[in-house]
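Engineer: This is the structure I have questions about; it appears just below.
The values are calculated or read from the model by the stated rules, or taken from the named source; none is laboratory data. Quantities reported herein were computed from a predicted structural model and do not represent experimental measurements. FYI the Cβ positions are ideal-geometry reconstructions off the backbone, even for glycines, and counts take in every protein chain you see.
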Amino acid sequence: MKDGLLYRVSLRVVPFVFVWLTRIWFSTCRIRTHGQEYRDQIDESKDPFVATFWHYTIFFIFYFMRKESGVAMVSASRDGEYISRVANKFGLETVRGSRKKGGMRAIKGLIRYVREGRNAAIVADGSQGPARVLQAGSIVLASRTGTPVLPMLWSCSRYKRFGSWDGTVLPYPFSRIDFFYGEPLNVPPKIKAEEMGKYRLILEKRLNDLYVKAWKQQGRTEH
């Protein structure tokens with residue numbers, strides 16, 4: 001009972017404090033955007049898109065996307081509830097699911113939202129990894145809705161790396177953040193299982209090529 005009460009209280013307090021602090025924290029950072037032509041290409045079409053990014057970027061990604069109108073897929077776990085509430089406070093709606101729990105239900109929810117004209121966001125390597133290995137959710141969603149997948153990624157000059165499976169990164173105040181849009185990927189409609197693997201590898205390579213390019217800006221090969 002005590003743990004349940006503490007959890008419920010923390011669900012109210014932690015996301016509020018986190019969002020309030022990060023709005024101040026990230027406002028001190030210098031942000032440079034790369035690949036804007038890819039985003040412009042998407043915006044000119046006036047159609048929705050599927051944003052996808054590696055899990056390590058999640059702290060800053062939701063802040064960067066705070067002015068977007070979209071729906072993000074978030075893990076159905078207890079920890080995922082914190083992330084979901086943070087996303088909500090940044091203006092993103094969420095559907096809950098992961099590879100091990102409720103994943104297909106969440107994808108179906110995203111399909112419905114995208115068909116209504118909303119943008120979608122999916123963590124490319126999921127909630128549990130392996131890190132920087134693409135899971136198929138974004139490919140399935142793009143194929144079922146006819147929307148392009150837009151890779152997103154960032155690096156920064158000074159940061160704290162946590163000891164999680166993905167090496168989650170938190171930029172330090174007053175650091176420089178280089179945010180990258182990658183080349184959009186168009187996936188054929190209703191692709192079969194054998195084609196799914198092909199497009200999964202294409203998108204994984206685009207994200208990892210972007211990763212190398214991004215961290216090269218900081219004189220590093222990885223985060």
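Engineer: Pick out the one residue from Ala142, Ala121 that is within 20 Å of Phe18 (Cβ to Cβ) and either surrounded by 23 or more Cβ atoms within 10 Å (Cβ to Cβ) or of a type in the set (Lys, Arg) (or both).
Structural biologist: Exactly one residue qualifies, and that residue is Ala121.
Engineer: Return yes or no: is Glu204 among the charged types (D, E, K, R), modelled with pLDDT of 95 or more and either assigned to a helix (DSSP H, G or I) or in contact with a strand residue (DSSP E or B) (Cβ under 9 Å, 6 or more places away or on another chain) (or both)?
Structural biologist: Here the answer is yes, as Glu204 does meet what is asked.
Engineer: So for the stretch 59-80 (the condition being without any contact (Cβ under 8 Å) to a residue 24 or more places away in the chain and not aliphatic (A, V, I, L, M)), does at least one residue qualify?
Structural biologist: There is at least one residue in the stretch 59-80 that is without any contact (Cβ under 8 Å) to a residue 24 or more places away in the chain and not aliphatic (A, V, I, L, M).
Engineer: Still on this structure, please answer the following. Among the residues of the stretch 8-27, is there at least one that is modelled with pLDDT under 95, on the phi < 0 side of the Ramachandran plot and either in contact with a Lys or Arg (Cβ under 6 Å, 6 or more places away or on another chain) or in a loop (DSSP other than H, G, I, E, B) (or both)?
Structural biologist: Yes, the stretch 8-27 contains at least one residue that is modelled with pLDDT under 95, on the phi < 0 side of the Ramachandran plot and either in contact with a Lys or Arg (Cβ under 6 Å, 6 or more places away or on another chain) or in a loop (DSSP other than H, G, I, E, B) (or both).
Engineer: From the residues in the stretch 149-198 that are touching a residue at least 12 places away in the same chain (Cβ under 8 Å) and of a type in the set (D, E, K, R), which one is surrounded by the most Cβ atoms within 10 Å (Cβ to Cβ)?
Structural biologist: Filtering first and then ranking leaves Asp166.
Engineer: Something else about it: Of the numbered conditions (1) in contact with a Phe, Trp or Tyr (Cβ under 7 Å, 6 or more places away or on another chain); (2) surrounded by fewer than 18 Cβ atoms within 10 Å (Cβ to Cβ), Thr57 fails exactly one; give the number of that condition.
Structural biologist: Every listed condition holds for Thr57 apart from (2).
Engineer: Would you mind finding the one in Ile122, Ile111 that is more than 28 Å from His223 (Cα to Cα) and touching a helix residue (DSSP H, G or I) at 6+ places or on another chain (Cβ under 7 Å)?
Structural biologist: Ile111
Engineer: Does Gly4 satisfy the criteria of being farther than 24 Å from Ser164 by Cβ, surrounded by fewer than 19 Cβ atoms within 10 Å (Cβ to Cβ), out of contact with any Gly (no Cβ under 7 Å at 6 or more places or on another chain) and small (Gly, Ala, Ser)?
Structural biologist: So Gly4 fits the description; yes.
Engineer: Name the residues in the stretch 199-223 that are basic (Lys, Arg), farther than 21 Å from Ser157 by Cβ and touching a residue at least 24 places away in the same chain (Cβ under 8 Å), would you?
Structural biologist: Arg200, Arg206
Engineer: If Arg105 satisfies every condition in (1) of a type in the set (D, E, K, R); (2) farther than 23 Å from Val187 by Cα; (3) not in a loop (DSSP other than H, G, I, E, B) but one, which is the exception?
Structural biologist: Status for Arg105: all satisfied but (2).
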